Amino acid sequence: MGGVQKVETAAVSNAALAQPSKPSTLTDTELAAIVKAQLTAGQNVLVVVNKYTAALFSGSSDTGPWAIACAGELGTEFFAVAKAKSIAKRLWVHNTLEPKPWALDPSALPKNQLVVTQLTSWMKSLDGRHGHASPETKAKVAGLAANRCQFAGCGEDLSAHLVTGRAGNFSYFAHIIAASEDGPRGHATLSAQLADAPDNFLLLCDKCHRLVDKVDPDSYPTDKLQNMRNDAINEVRRLLDTLRYPEVERLYIVGNVTGQMPHISDRDVDSALWKAKLRSSPKAADSVFSFGGAHHAPHDDAYWPTVFKTLQFDLPLFQSKLNGVGNSGRPRPPLAVFPLHGTSILILAGRILGDMAGTHVFQPHRNKVGEHMETRWAWPDDGVSPAPGKYQVKELKPNTAQSDEAALLVSLTYGITTKRLPSPVVVNDALAMPTLEITVDNPNPAIIRHPDDLVHFGAAVDDALRTLQDTWKVKKVHLFVGAPTSAALLVGQKMQARHQATFYINETLPNGPESVFAPTIAISATAVSAIRNGQSVSLQT
């Protein structure tokens, strides 16, 4: 502070060279409270301060011994405490150029009583808000930051007050390398050279500016702040680039399959869309077939009456959206679909959704160790477009007897063995009717890793359906699906109304991983029916 002797590096004692542990770093408010408490208790307080931060030591007398109390920012609240005449005589100060005042040995430092004139001088030196940034530099820095705080994890809008919303300039242009050699992160030559360089500035809010320059500058070295700046600029650029992406409406087909409803966050969905070079429309996401959070229990007598009661109301609304009636006659909007439900519901939803252009289906991915939940809908970075022939259609039993009934197995997550198939598909552990299987060399839960997986799988489904309906001309198809949610939905999408066969959807009984399949619903060209009670709902618009 002005008028107080400065002791340079030579004053550093052996205690300082031992590099004591860094004390707690506090804000002006917190530091002022400690000073007041120490002085009120009759202690002496020694403030060792450089031009941007301070360390506080306390002692029973003005000669010590001194113990480190804290470090941090000196501001208006500290000065208010220091001006109190009843305690000011026990408040001492030492100015230094050392970047770590808390590392100095207080017993080796000369000190003076703090006086009001010194406080006034110090106050005038605090407002480094605009530093040495020229108007041109400020404009460039603010533009690169999109007027948001660039401190990692903050992002506060600096063009409006956080509480009142009032427009204004609430930004601080913080030097990464200080504008003066004796400032935080100062440098003998670069400080002057980079004083007005745009790439030497961070745009910060008030609290983050105080943190990096006064409260805890030692924790924010030059390289850390430079990386923070680069990350913030790249993130702003990435987010603004999403404005070029096509807009899609979000559709959630999500149900209670594990005993509780899964949560899909907007951030999660937006991340997945941006990675696919899409963006959400301003319209709120539509959620269908949640059935009030009822647990998906397709083999319980009480389940399908509840589902069908809801479908009677949901289906007309869903179909009107898809055919344009619900959009005032406008064309069906591009959709981003996020499916996470039971197999029967996903196949039914796909049948209603249809196989139309402009529908983008996403797949939930199991998290790797250390991954955040926000990334589970985004296509994995290591996903690659599948090689031709990954999805194979195999004829397990030919239709030599011209049967009008057949089975279709979809074995992607696991191989579906004959011991898990019910009668009349299997009799005496052998296939009893014509059967096709869509499969891969290595069935596993993570088989769908790339958008092209759905394209190739869809082509295999088309091939299988052509055989079933155009070549074999069957009227009834027993369908067994062991596949990721996106693939189950796609099977339903391929099940168009023009296909005359009725599909009998099967799901496994809740008796363990090798349990037998049993029928749940039948989907015809005109209706969906529950197998257990015969209740049906029309699929015609």
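The values are calculated or read from the model by the stated rules, or taken from the named source; none is laboratory data. Quick caveat: nothing in here was measured; it's all calculated off a predicted structure. Neighbour counts run over all protein chains shown; Cβ positions are idealised from the backbone, glycine included.
When the residues of segment 456-480 are narrowed to those that are closer than 18 Å to Leu431 by Cα and among the aromatic types (Phe, Trp, Tyr), which ends up nearest to the chain's Cα centre (by Cα)?
Once the filter is applied, the top-ranked residue is Phe480.
Find the residue count for segment 67-100, including only residues that are surrounded by fewer than 23 Cβ atoms within 10 Å (Cβ to Cβ) and not in a strand (DSSP E or B).
Total meeting the criteria: 18.
Output the qualifying pairs, or none if there are none: Cβ atoms under 9 angstrom, residues six or more apart or on different chains, first residue in segment 88-116 and not assigned by TED's automatic domain parsing to the domain that holds Ser180, second residue of a type in the set (D, E, K, R) and part of a strand (DSSP E or B).
Listed by first residue and then by second, the contacts come to His94/Lys6; Asn95/Lys6; Thr96/Lys6; Leu97/Lys6.
Determine whether Pro217 is within 20 Å of Thr53 (Cα to Cα) and touching an Asp or Glu at 6+ places or on another chain (Cβ under 7 Å). Walk me through it before giving the result.
On the way: within 20 Å of Thr53 (Cα to Cα): yes; touching an Asp or Glu at 6+ places or on another chain (Cβ under 7 Å): no.
Answer is no for this residue.
Tell me, which helices (runs of 4 or more DSSP H) wholly within segment 254-358 include 3 or more residues that are under 23 Å from Leu509 (Cα atoms) and among the β-branched types (Val, Ile, Thr)?
Values: elements: 266-275, 303-323, 343-353.
Ranges flagged: 343-353.
For the list (1) in contact (Cβ under 8 Å) with a residue 60 or more places away in the chain; (2) part of a loop (DSSP other than H, G, I, E, B); (3) out of contact with any strand residue (DSSP E or B) (no Cβ under 7 Å at 6 or more places or on another chain), I need the number of the one condition that Phe151 fails.
(3)
Can you find a residue in segment 227-236 that is touching a residue at least 12 places away in the same chain (Cβ under 8 Å) and in contact with a Gly (Cβ under 9 Å, 6 or more places away or on another chain)? Walk me through it before giving the result.
Keep residues of segment 227-236 that are touching a residue at least 12 places away in the same chain (Cβ under 8 Å), which gives 228-229, 231-233, 236.
Remaining after also requiring in contact with a Gly (Cβ under 9 Å, 6 or more places away or on another chain): 232.
The answer is yes, given that some residue of segment 227-236 is touching a residue at least 12 places away in the same chain (Cβ under 8 Å) and in contact with a Gly (Cβ under 9 Å, 6 or more places away or on another chain).
Please verify whether segment 227-241 includes one or more residues that are part of a helix (DSSP H, G or I) and over 23 Å from the mean Cα position of the chain (by Cα).
If we filter segment 227-241 for residues that are part of a helix (DSSP H, G or I), which is where we start, we get 227-241.
Filter once more, keeping what is over 23 Å from the mean Cα position of the chain (by Cα): none.
Looking for residues that are part of a helix (DSSP H, G or I) and over 23 Å from the mean Cα position of the chain (by Cα), one finds none in segment 227-241, hence no.
Check Ala188, Ala179, Ala142, Ala195 and return the single one that is modelled with pLDDT of 90 or more, surrounded by fewer than 23 Cβ atoms within 10 Å (Cβ to Cβ) and either part of a loop (DSSP other than H, G, I, E, B) or not assigned by TED's automatic domain parsing to the domain that holds Pro101 (or both).
Values: Ala188 fails: modelled with pLDDT of 90 or more; Ala179 fails: modelled with pLDDT of 90 or more; Ala195 fails: modelled with pLDDT of 90 or more.
That would be Ala142, the only listed residue that is modelled with pLDDT of 90 or more, surrounded by fewer than 23 Cβ atoms within 10 Å (Cβ to Cβ) and either part of a loop (DSSP other than H, G, I, E, B) or not assigned by TED's automatic domain parsing to the domain that holds Pro101 (or both).
Let me spell it out: the conditions are (1) under 22 Å from Val141 (Cβ atoms); (2) in the same structural domain as Ile352 (by TED's automatic domain parsing), and Leu202 meets all of them except one. Which number is the exception?
Answer for Leu202: the failing condition is (2).
Looking at Ser344, Ser281, Ser290, Ser320, which is the one that is modelled with pLDDT of 90 or more, within 25 Å of Lys494 (Cβ to Cβ) and not assigned by TED's automatic domain parsing to the domain that holds Tyr504? Working first, answer last.
Working: Ser281 fails: within 25 Å of Lys494 (Cβ to Cβ); Ser290 fails: modelled with pLDDT of 90 or more; Ser320 fails: modelled with pLDDT of 90 or more.
From the options Ser344, Ser281, Ser290, Ser320, the qualifying one is Ser344.
If you take the residues in segment 253-269 that are over 24 Å from Asn533 (Cβ atoms) and modelled with pLDDT of 90 or more, which one is surrounded by the fewest Cβ atoms within 10 Å (Cβ to Cβ)?
So the residue we want is Val269.
Here is a yes/no grid of residues against (1) touching a strand residue (DSSP E or B) at 6+ places or on another chain (Cβ under 8 Å); (2) of a type outside the set (A, V, I, L, M); (3) in a loop (DSSP other than H, G, I, E, B); (4) in contact (Cβ under 8 Å) with a residue 40 or more places away in the chain:
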site	(1), (2), (3), (4)
Ala401	no, no, yes, no
Tyr414	yes, yes, yes, yes
Pro422	yes, yes, yes, yes
Arg449	no, yes, yes, yes
Leu454	yes, no, no, yes
Gly458	no, yes, no, yes
His478	yes, yes, no, yes
Val481	yes, no, no, yes
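crowded, with 18+ Cβ neighbours inside 10 Å and at positive phi, is that true of Phe318? Spell out the reasoning first.
Working: crowded, with 18+ Cβ neighbours inside 10 Å: yes; at positive phi: no.
Criteria not met by Phe318.
For segment 434-447, enumerate the residues that are part of a loop (DSSP other than H, G, I, E, B) and either surrounded by 19 or more Cβ atoms within 10 Å (Cβ to Cβ) or on the phi > 0 side of the Ramachandran plot (or both).
If the condition is that a residue be part of a loop (DSSP other than H, G, I, E, B) and either surrounded by 19 or more Cβ atoms within 10 Å (Cβ to Cβ) or on the phi > 0 side of the Ramachandran plot (or both), then Pro434, Val440, Ile447 are the ones that fit.
Assess whether Ala378 counts as being among the small types (Gly, Ala, Ser), modelled with pLDDT of 95 or more and either under 19 Å from Leu490 (Cβ atoms) or surrounded by 11 or more Cβ atoms within 10 Å (Cβ to Cβ) (or both). Steps first, please.
Details: among the small types (Gly, Ala, Ser): yes; modelled with pLDDT of 95 or more: no; either under 19 Å from Leu490 (Cβ atoms) or surrounded by 11 or more Cβ atoms within 10 Å (Cβ to Cβ) (or both): yes.
So Ala378 fails the test.
Is there a residue being of a type in the set (Asp, Glu) and in contact with a strand residue (DSSP E or B) (Cβ under 7 Å, 6 or more places away or on another chain) anywhere in segment 214-233?
Initial filter on segment 214-233 (of a type in the set (Asp, Glu)): 216, 218, 223, 231.
Imposing the further condition that a residue be in contact with a strand residue (DSSP E or B) (Cβ under 7 Å, 6 or more places away or on another chain) reduces the set to 216.
Yes, segment 214-233 has at least one match.
Mind listing whichever residues of segment 51-90 are within 40 Å of the chain's Cα centre (by Cα), closer than 15 Å to Ala33 by Cβ and among the small types (Gly, Ala, Ser)?
Answer for segment 51-90, where residues must be within 40 Å of the chain's Cα centre (by Cα), closer than 15 Å to Ala33 by Cβ and among the small types (Gly, Ala, Ser): Ala54, Ala69, Ala71, Gly72, Gly75.
Need the failing condition index for Leu278 against (1) touching a helix residue (DSSP H, G or I) at 6+ places or on another chain (Cβ under 7 Å); (2) surrounded by 17 or more Cβ atoms within 10 Å (Cβ to Cβ); (3) of a type outside the set (S, T, N, Q), just the number.
(1)
Against the definition (within 35 Å of the chain's Cα centre (by Cα) and within 30 Å of Ala401 (Cα to Cα)), how does Gly512 come out, yes or no? Steps first, answer last, please.
On the way: within 35 Å of the chain's Cα centre (by Cα): yes; within 30 Å of Ala401 (Cα to Cα): no.
It is false that Gly512 is within 35 Å of the chain's Cα centre (by Cα) and within 30 Å of Ala401 (Cα to Cα).
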